[in-house]
There are 2 protein chains.
Amino acid sequence: MAEPLFRRLVLIGIGLIGSSVARIAMQDRTLAAEVVANARTQATLDRVMELGIADRIELDPAKAVLGADCVMLCAPVGAYAALAEAIAPHLAPGCIVTDVGSTKQSVIRDVGPLLPAGVHFVPGHPMAGTEYSGPDSGFLTLFQGRWCMLTPPPGTDEAAVAKIHELWTRCGSMIEVVEAAHHDRVVAIVSHLPHLLAFTICGTADDLEDESRQQVLKFAAAGFRDFTRIAASDPVMWRDIFLNNREALLEMLARFTEDAQAMARAVRWGDGDYISDKILRGRAIRRSLIELKQA
Amino acid sequence: MAEPLFRRLVLIGIGLIGSSVARIAMQDRTLAAEVVANARTQATLDRVMELGIADRIELDPAKAVLGADCVMLCAPVGAYAALAEAIAPHLAPGCIVTDVGSTKQSVIRDVGPLLPAGVHFVPGHPMAGTEYSGPDSGFLTLFQGRWCMLTPPPGTDEAAVAKIHELWTRCGSMIEVVEAAHHDRVVAIVSHLPHLLAFTICGTADDLEDESRQQVLKFAAAGFRDFTRIAASDPVMWRDIFLNNREALLEMLARFTEDAQAMARAVRWGDGDYISDKILRGRAIRRSLIELKQA
């Protein structure tokens, strides 16, 4: 059998993404000879053993990373700084630290400076997900045909980048290496802003006077239903994402708000051409997505 | 065989909703003894005959409604006034005129006054749909388990309301009779505002500088993808809906915008509790929807 890509892969956090990687690594043993899972609670780790998706569990992150040649942070990005502080003194030289967080400048800011010399840091973001969370929610095909962005800071060890590239390739992803700042702008519009809008409209509906609110639930048509699906995502993870991609998210929201106000003005003054032009552009984008097989 | 509900059902417009009703009526012959389809173009009507979803086609709406005991308007709501003017002189006494439009006060305003005495007007709105349009897009189960709202103005003939109630029941819908103004408020938040937001975010993304726009298409994650699905809907239909539910839509957008700005403020000032509270409310609404089997 070929040498596995990693001897010991340690997953810090074992929710949707972490437990999907774990499932893949437990099935494809060329990925890691040993899979270690760490989580915030023993209950989660017990569940991991019940599910059989790790070789070993360890509640203390400092102990979990001992002897690892790859540590993947799969916790909400707001927890990264504390986690990095806890594990940094225990990382072996040559170990690769990577992550799956949805914000990349914040991760480089929070984790990078804490890592000892000789440890390689390759930030990553697999662009895949569902509205479910926890160790039960992962599955083997989550990353199939989906993009994974890597944002190694300038000067990152190229062999380390190549190994993380290979890890995600074996998970079924297509890889793109981009600058962290550019990543953060793109995800602000394709993912973070849609989630902010979805969370917000659910709140707006929930604030309606009682009778209307009941009717909203009763008559939730296509449209609102889709928004609530997005809005069902994990609150801690998304809170952390918003707070850690603040600048890009606020800029995209500001642009969006201008556009929504322009639409409101067209509705108020009966400018039908403006409205149908905007709808036609939406359709064109949809068509492009279908051609690119992202929809 | 039992007497059919209607002798001659005339569908004015044969897109997603009209062609679904046509398919149901052609299969369940207790609904209408004869199904007549009218559309704006001969090409659409030729396609209707190819599909075999009507007994007869007629390009002139005035001729189409001759001898009908039920006329259902299934065109974009902006076309209703002209259509009502065209068909009104040709409606037989006792005929029921109904519709499937997404705005109900505007329909009562545009159609009601034009109908001759002795013709009954029962506005309706089946809350069902997909992002597809045209005669090919309809299907037999579109209305199964979905709500249909009826908004008969005060004084409407009760037997006429009962027959339209029965028609939608046979199509698989659950029926609710509500005031038109109330209907318009509820759909503004559950359907019209989500569509406005979806159209707008596609435009915002399309306006990004070229490199980012390409990346948006490439990395469209869950979230943006769902929005583009909503945004793929028919431009004329949605333009008409926005213009004909102006007051309610603008009010819901104003409420939403206040809420989005409050969220932006929380992101800017790092108010994590505010953000997670809003996300938790979204999840609660999602759960209610699942309990009500609307999701």
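Bear in mind that the values in this text are calculations on the coordinates, not laboratory data. In this text the structure is predicted, and so the values were computed from the model without any measurement. Virtual Cβ from ideal backbone geometry, glycine too; neighbours counted across all protein chains shown.
Scanning segment A:237-295 for residues that are surrounded by 18 or more Cβ atoms within 10 Å (Cβ to Cβ), outside any loop (DSSP other than H, G, I, E, B), more than 7 Å from chain B (Cβ to nearest Cβ) and among the polar types (S, T, N, Q) returns a single hit, A:N244.
Once segment A:151-174 is narrowed to residues that are in contact with a helix residue (DSSP H, G or I) (Cβ under 6 Å, 6 or more places away or on another chain) and more than 19 Å from A:A22 (Cα to Cα), the residue that is surrounded by the fewest Cβ atoms within 10 Å (Cβ to Cβ) is A:P153. Checked against (1) in a helix (DSSP H, G or I); (2) more than 7 Å from chain A (Cβ to nearest Cβ); (3) in contact with a Gly (Cβ under 8 Å, 6 or more places away or on another chain), B:P153 passes all but condition (1).
Conditions (1) within 25 Å of B:L292 (Cα to Cα); (2) touching a helix residue (DSSP H, G or I) at 6+ places or on another chain (Cβ under 7 Å), marked per residue:
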{"residue": "A:A181", "(1), (2)": "no, yes"}
{"residue": "A:I189", "(1), (2)": "no, yes"}
{"residue": "A:A198", "(1), (2)": "yes, yes"}
{"residue": "A:D210", "(1), (2)": "yes, no"}
{"residue": "A:L253", "(1), (2)": "no, yes"}
{"residue": "A:D259", "(1), (2)": "no, yes"}
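For segment B:120-150, taking the residues that are among the aromatic types (F, W, Y) and surrounded by 20 or more Cβ atoms within 10 Å (Cβ to Cβ), the one that is nearest to B:A84 (Cα to Cα) is identified as B:F121. Scanning segment A:1-45 for residues being of a type in the set (S, T, N, Q) and either on the phi > 0 side of the Ramachandran plot or not in a helix (DSSP H, G or I) (or both) gives a total of 3.
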